[in-house]
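All remarks here apply to the structure that follows.
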Amino acid sequence: MASAGCARTCAPDPPALRRARARVHVGGADARLELADWPPARPATPWFPAPDGHLTRQATEIRAPLASFRYVPADPTPAVGGPLLSRAAGPRDNGRLEARDDVLTFTSPPLTEPIDVVGPVSARLSVSTDRGEADLFTRLCDVDERGSSVNVCDGLGSIRAAERTSAYVTVPMGATAHRFAAGHRIRWQLSGGAHPRYARGSSTAEPPVDATTFTPVRVTVHADSTLLLAHVTKPEPEPEPESVVKPEVVVEPDAAPEPCAETAPDPA
C-alpha cells in the first residue's frame, strides 16, 4: 500500500528575549518592571513621623520624644501576615493589630498621585527605653480609601542603650516593588515584636532563645526617626517586549502516490 504522505511539525516559537537582568512584579498594580539589577541602586527618600500619628516629608531638627508604647512579654505583639511558612502568610489586614496599645502607627495624607516604591526599605529609629534593652519591629503598610491597612514589608532590630537615653538603630526591612495608588496612604507601623514569627523580647541582655527572665519595657520613639523608601513619584511604565522574528512555518504537501505498474497477463 502506498503511503498517504506526511506532515512536518515545527518547533515552538522561542520566548521573547528580556532586555534586562531582573523582572519584578509590582504589588498594588499587577504590573511588571524590567530592571538592570535587583535590588536596584536608588537614593532613599525620607519620611518622618510627626505628632498625632502623622507621617510627612517635612524634616525636623528636634529630637524630642514623640510617642511611646509598652511591650509586655506575657502578652507579646502578635505576627500578622508577612513572610511566614503558613497559610496566614503574605499581605493581610493589619486593622486589629494596629488597634492594640503596644503598636504605634504614623500615616501620610492621601496621595495625590501614585508612588512606586522599588528597592530597599529601611528605618532609622531614634528611640529610648526605660530598661536599656528592647526589640523593635518596623513595618510598611498600604492604607486604601476604606482605611484597610495591608502590610508591604517589614524587619526586626534591637536597641541597646543606657536607660532613658536616646540612641539610633537602623533596621533593614527588605526590598520591595509596590505601588501606592492615588488616594491611598503610606503607613509606618512600629511595635516591640511579632510573635511567634520572632521570639519574645526579654528586655534583658539574655539572648532571646535562652532568656529565662522577661520584663515589660516602655519604648519611646523620637521625632528625628526616619522611614527610608526607594521610590519614584511617577510610576515607571512597563517596557514593551522586544519584537521576535518567528520562524517561518513550512508544511510539505502530501506526496503524490506513485502510479501502479500494470503487468501483462501470463500467456496461456
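The values are calculated or read from the model by the stated rules, or taken from the named source; none is laboratory data. If you're wondering where the values come from, they're calculated on a predicted model, not measured in any experiment. Cβ: placed from backbone, ideal geometry, glycine included. Neighbour counts: every protein chain shown.
Note on segment 85-197: enclosed strands (runs of 3 or more DSSP E) holding 1 or more residues that are in contact with a Pro (Cβ under 6 Å, 6 or more places away or on another chain) are 103-107, 115-129, 149-160, 167-180, 185-191. The residues of segment 157-193 that are within 17 Å of the chain's Cα centre (by Cα) and over 17 Å from Phe48 (Cα atoms), listed by number, are Gly174, Ala175, Thr176, Ala177, His178, Arg179, Phe180, Ala181, His184. Scanning segment 184-205 for residues that are among the polar types (S, T, N, Q) and either buried (at least 18 other Cβ atoms within 10 Å of the Cβ) or at positive phi (or both) yields Gln189, Ser191, Ser202, Ser203. Out of Ala31, Ala44, I need the residue that is modelled with pLDDT of 85 or more and under 18 Å from Leu140 (Cβ atoms). Which one? Answer to the selection: Ala44.
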